[in-house]
Amino acid sequence: MSTLAEVLERQTREAASELYEPIDDKRIRCYACGHECPIPDGAAGVCRVRFNRGGRLMVPWGYAAGLQCDPIEKKPFFHVRPGGLAYSFGMLGCDLHCSYCQNWVTSQALRDPRAVSPPLGADPAAIARDAVRQGAFAVVSTYNEPLITSEWAVAIFKEAKAAGLMTGYVSNGNGTARVLEYLRPWTDLFKVDLKSFDDRHYRQLGGRLQPILDTIRRLHAMDFWVEIVTLLIAGFNDGDEELARLTGFVAGVSPDIPWHVTGFHGDYKMTDPPDTTPEMLERAAEIGRRSGLRFVYAGNRPGSVGDLEDTRCPTCGYSLIERFAYHVRAYRLTADGACPKCGTAIPGRWASRFDGQVTARPFRPR
Ligand code: SF4
């Protein structure tokens, strides 16, 4: 019987020419993520899913390791078509190895024998058709790190765009200028995990801080719609000073970028830190506000964080969108995405009207 690695080795095609180049007659360099791996012939990059075969970079193609219909609030995007359905797909593998990963079954499939998520053959046009049939307004690449499987995501996004859908990435943000240029024509939304503001912590996870910061700046400058998430973990990234620097950085890129600070619960190999309390989330949110961020949200503790699940007008304080977990309980934005009380324009990708919520819970495609 074939191993997972052997199966995946067959599910490949050559990388986009924009995403790699020869270094010399033995090695090529991949630009799909911030590692920019130099890869010798016969070897794979850090992500283990992109490999050099005779001077050609081979990359994942033609399968899905997960398909699910999610409320857009789950991604989370809070400033994009609230109540809408995001048709979500994933492949396998990641360029980091976070010990607390909540998607480790797919992200660590090639590193951890306990992570088993069988790939199923898939077709971009069929995925876009199914997304429309399910009532989705967007197709989102998620569950594994989408940057490392960007060719396949773009193939699906081209079909999705032709069908009138929006498209998005749920990413760790370890990008490069080249991969963002490659994605820009086909990708609308980008959620980035900003996991810490300490490079030593990023190195523990297998990355570096600088490429993530560069990616956030570039995404905003290139007019992707960006929301940022920080999973708050006691003893890892919850120091006041670190949070002030992290949120100060985001506010410096734009105070209009929504920042979600979310609660940790023990997962995968990280089970020691205590679960994040609502008080910790509220303290972090206050630091974010003091840094100048205008839209700060607390996640994973529904009903316990006051109005930190809601969108309020940053000018007059009027409650614009009320939420409980993924459920949109009230929606009061005007058709052009402004506060009905004071007229302040609220940044986002809003629909001209709210037609109710498709679902407040994820479900398998019907
Ligand atoms: S996607 Fe990143 S980790 Fe994978 S080969 Fe390319 S540069 Fe290396």
Which members of the stretch 155-169 meet the condition of being part of a strand (DSSP E or B) and of a type outside the set (A, V, I, L, M)?
T167, G168, Y169
If you go through A244, A284, A251, A298, the only one that is farther than 30 Å from G45 by Cα, part of a helix (DSSP H, G or I) and touching a Gly at 6+ places or on another chain (Cβ under 8 Å) is A251
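Listed here are the residues, each with its yes/no results for (1) closer than 23 Å to G306 by Cα; (2) of a type in the set (S, T, Y); (3) at pLDDT 95 or above.
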site: G317; (1), (2), (3): yes, no, yes
site: L320; (1), (2), (3): yes, no, yes
site: F324; (1), (2), (3): yes, no, yes
site: L333; (1), (2), (3): yes, no, yes
site: D336; (1), (2), (3): no, no, yes
site: P347; (1), (2), (3): yes, no, yes
site: Q357; (1), (2), (3): yes, no, yes
site: A360; (1), (2), (3): yes, no, no
site: P365; (1), (2), (3): no, no, no
Those residues of the stretch 157-171 which are open to solvent by 10 Å² or more (accessible area, probe 1.4 Å) and touching a Ser or Thr at 6+ places or on another chain (Cβ under 6 Å), in sequence order:
V170
For the stretch 310-329, give me each residue that is of a type in the set (A, V, I, L, M) and open to solvent by 30 Å² or more (accessible area, probe 1.4 Å).
A325
Hey, any hits in the stretch 137-149 for a residue that's out of contact with any strand residue (DSSP E or B) (no Cβ under 9 Å at 6 or more places or on another chain) and of a type outside the set (S, T, N, Q)?
no
Could you check how many residues of the stretch 189-214 are of a type in the set (D, E), part of a helix (DSSP H, G or I) and under 29 Å from M166 (Cα atoms)?
1
Identify, by number, the condition in (1) within 17 Å of Y182 (Cβ to Cβ); (2) within 8 Å of the ligand (Cβ to nearest atom); (3) not hydroxyl-bearing (S, T, Y) that P60 doesn't meet.
(2)
For the stretch 1-82, please list each of the strands (runs of 3 or more DSSP E) lying entirely inside it that holds at least 3 residues being open to solvent by 20 Å² or more (accessible area, probe 1.4 Å) and without any contact (Cβ under 8 Å) to a residue 40 or more places away in the chain.
20-22
When residues of the stretch 267-304 are filtered for being open to solvent by 50 Å² or more (accessible area, probe 1.4 Å) and hydrophobic (A, V, I, L, M, F, W, C), how many remain?
0
Within the group D307, D256, which residue is assigned to a loop (DSSP other than H, G, I, E, B) and loosely packed, with under 14 Cβ neighbours inside 10 Å?
D307
Do you know which residues across the stretch 9-35 are more than 8 Å from the ligand (Cβ to nearest atom) and in contact with a Gly (Cβ under 7 Å, 6 or more places away or on another chain)?
Q11, P22, I28
Given the condition among the hydroxyl-bearing types (S, T, Y), open to solvent by 10 Å² or more (accessible area, probe 1.4 Å) and not in a loop (DSSP other than H, G, I, E, B), answer yes or no: does some residue in the stretch 172-185 qualify?
yes
Test for C94: is it within 13 Å of the ligand (Cβ to nearest atom), closer than 23 Å to V226 by Cα and at pLDDT below 95
yes
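The values are calculated or read from the model by the stated rules, or taken from the named source; none is laboratory data. All values reported here derive from a predicted model rather than from experimental measurement. Glycine also receives a Cβ, built like all others from the backbone with ideal geometry; neighbour counts cover every protein chain displayed. For accessibility, only protein heavy atoms count, side chains too; no ligands or nucleic acids. Shrake-Rupley method; radii C 1.70, N 1.55, O 1.52, S 1.80 Å.
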